[in-house]
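> The structure follows.
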Amino acid sequence: MARTGSLPFARLVADDRVHLEAAHGRLLARPAEALAGLIEVRGVGLIRLTHEASAVVGVVVDLAAADARRLPEAASHRTEIHGIQLPRLAVASGTAALPAVIAYITHEMISSDA
């Protein structure tokens, strides 16, 4: 998506194991040292990609969320990690997450431009 210009920037930070740290009111993510730059692609195996050493977490995608609803309550749109409040996208078990994530990200980009 980033290559097509649909998103301003996208790059791997971590896959599977992510270290989280609260710093200056933001939540930072970084990869486990032994796995930095590696991502597992189902049916292909491990591949090495260019990655970022750290990133600020902008949204929590809660996969297989027990409280995922077609029309969620407003309270379910937020979560707290290490004392940092973050937007939350609850995705039901068995539901493809990518369409919801892309819709969320592009909606937020449009909303922030307005």
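Since every read-out is calculated from the coordinates, none of them should be taken as a lab result. These numbers were taken from a predicted model, which means no experiment stands behind them. With ideal geometry, Cβ positions are generated from the backbone for all residues, glycine too; neighbour counts draw on all protein chains shown.
> Loop-only check: which GluC sites (Glu not before Pro) in the stretch 16-97 are DSSP coil with at most 12 other Cβ within 10 angstrom?
Sparse-neighbourhood loop GluC sites (Glu not before Pro): GLU73.
> Something else about it: Taking amide H atoms as placed 1.01 Å from N in the peptide plane, list the residues 5 or more away in sequence, or in a different chain, whose amide H sits under 5 Å from that of VAL61.
Placed amide hydrogens put LEU89 under 5 Å from VAL61.
> A follow-up question, please. How big is the dipole moment of the chain about its Cα centre under a simple scheme where the beta carbon of each Lys and Arg is +1, that of each Asp and Glu is -1, and everything else is neutral? Debye, nearest 20, please.
Working: 11 positive and 12 negative charges, 40 e Å.
Its charge dipole is roughly 200 debye.
> Using the charge dipole of the chain (Lys, Arg: +1 at Cβ; Asp, Glu: -1 at Cβ; taken about the Cα centre), state which of GLY83, ALA66, PHE9 has its Cα farthest towards the positive end.
The residue sitting farthest along the positive end of the dipole is PHE9.
> What list of whole percents do you get for P(r) of the stretch 59-114, with Cα-Cα distances grouped in 5 Å bins up to the one holding the largest distance?
Going out from 0 Å in 5 Å bins, the stretch 59-114 shows 4, 18, 27, 26, 17, 7, 1 percent.
> Still on this structure, please answer the following. Starting from the alpha-carbon convex hull of the chain, give the projected area averaged over all orientations, in nm².
Numbers: hull surface 35.1 nm².
Convex hull of Cα atoms, orientation-averaged projection: 8.8 nm².
> Determine ³J(HN,Hα), in whole Hz, for all residues of the stretch 39-51 in sequence, where each value follows from phi through the Karplus function 6.51 cos²θ - 1.76 cosθ + 1.60 and θ = phi - 60°; x replaces Gly and Pro.
Ordered by residue, 3J(HN,Hα) equals 9, 8, 10, 3, x, 10, x, 7, 10, 9, 10, 4, 9 Hz.
> Further question on the same structure: Which value does Rg/Rh take for the stretch 1-57 over its C-alpha atoms, Rh per Kirkwood?
Values: Rg = 12.7 Å, Rh = 12.4 Å.
Rg/Rh: 1.02.
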